[in-house]
Structures are given as C-alpha cells and as structure tokens.
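Data first, discussion second: the structure below is written as structure tokens.
FYI, it's all coordinate maths here, none of it is from the lab. Computed from a predicted model, the values in this text were never measured in an experiment. Virtual Cβ from ideal backbone geometry, glycine too; neighbours counted across all protein chains shown.
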Amino acid sequence: MARDDNRRGGRDRDETPEFADRLVAINRVSKTVKGGKRFGFAALVVVGDQKGRVGFGKGKAKEVPEAIRKATEQAKRQMIRVPLREGRTLHHDMEGRHGAGKVVMRTAPTGTGIIAGGPMRAVFEMLGVQDVVAKSIGSQNPYNMIRATIDGLQKEASPRMVAQRRGKKVADILQRDAKPAAEKAEA
C-alpha cells in the first residue's frame, strides 16, 4: 500500500511543473448547528501550462488546502486547448457568455500586456497570452466571469482551422483578409 502512495505522489510531482495554478477565489460558508457553527470552504482555481491550455475547477471542503487541492484536480481534468497567434495573443476578437456574465476579448499589438480584470486576468496568465484587451460586462461573480471567458476562448478559430473546415489553403484564407486592407489603402 505504501509503495502505491509513493508512486502516485511521484507521478503528481512530475506532472505539477508543467502546470501553473492560480487561486482566484475562496468562499467561506457557515452552517448553524445545535452546538454552534460549522465552517466550510469553496475554492475556485485556474490551471494552465502557459502554452495554450487552460482549465478551471472548483472544490469544496471543511478546510482550505483540501478545497484548493480538489479544485486543482478538477481544473486539470477540464482543460481546453486554445490556438494563439504568435504564441502571445488571440487570433480574433470574440465574446463569451455564461448566465448574466458577458466578456469581450480583443487581440492586441505587441507590448500591450494583459488588460483584464481579476478572474479574467488569471485565465489569460495561465493560458500564456501576453497581449490582450478584455472587458467584463454584466455579472461580477468570479465563477460566471471565468465560465464566460472559457466560453469565448472555445469559440476561437485559427486560420489553419478555418482553412481545414472550408477545404482551402491557409494562404487563401489569409489573402482574403489582406485584400480589403490593400483596397482601402489604394482608395
């Protein structure tokens, strides 16, 4: 039995360096019982490899470290891959929604940095985005903001994905985007 625990612990240690995690929110809840109050904790964690993969999880427990551990495990199981342009920003502008939460995310030129609030900033940092401008409209609940951000990121499509879906070459897709700009420059 002890050997299995050591092996599992070793495997977890090997996996951990590839993922960074960020604690976004801790919520303390209390339940009043006959002898007084019982406290519980809920944790919201964002995990990513800072190379285009990100996930979030929530965990509940009687103690904070256990809630964080549960949230981190759930986040690692629910990771999504997001294509990034030049490994630093989004390919196109997009919106994400979840419940009353709505977020708008825009691409940004080099050197802009991450201009986003609280929970959204954590998602972008764990994703590995370096330049983005984002705005949360509506709900300020961190759970809904993160879900809306993830929803928007899932909608992102790289030129390669678009070309594959249309049965064309990437160059054809990128040329179409460049033509209107060239025509405007001539006029």
Problem set entry | Charge tally in the Cβ shell below 15 Å around E125, where Lys, Arg are +1 and Asp, Glu are -1, E125 excluded | +2
Exercise. Given 0.36 nm per residue, what is the gain on full extension from I137 to R166 after removing their alpha carbon distance, in nm?
Worked result: 7.1 nm
Problem set entry | Net charge of Cβ neighbours under 9 Å - reference M79; Lys, Arg +1; Asp, Glu -1 | +3
Problem set entry | Over 18 Å between alpha carbons, listed pairs K34/K70; K60/K155; K58/K102; K58/K155; K102/K135; K51/K76 | K34/K70; K60/K155; K58/K102; K58/K155
For this session: May I ask you to order 57-64, 89-96 by the average number of other C-beta atoms within 10 Å around their residues, highest value first?
Result: 89-96, 57-64
Exercise. For the stretch 83-186, what's the relative contact order in percent, using C-alpha pairs closer than 8 Å and at least 6 residues apart?
Worked result: 29
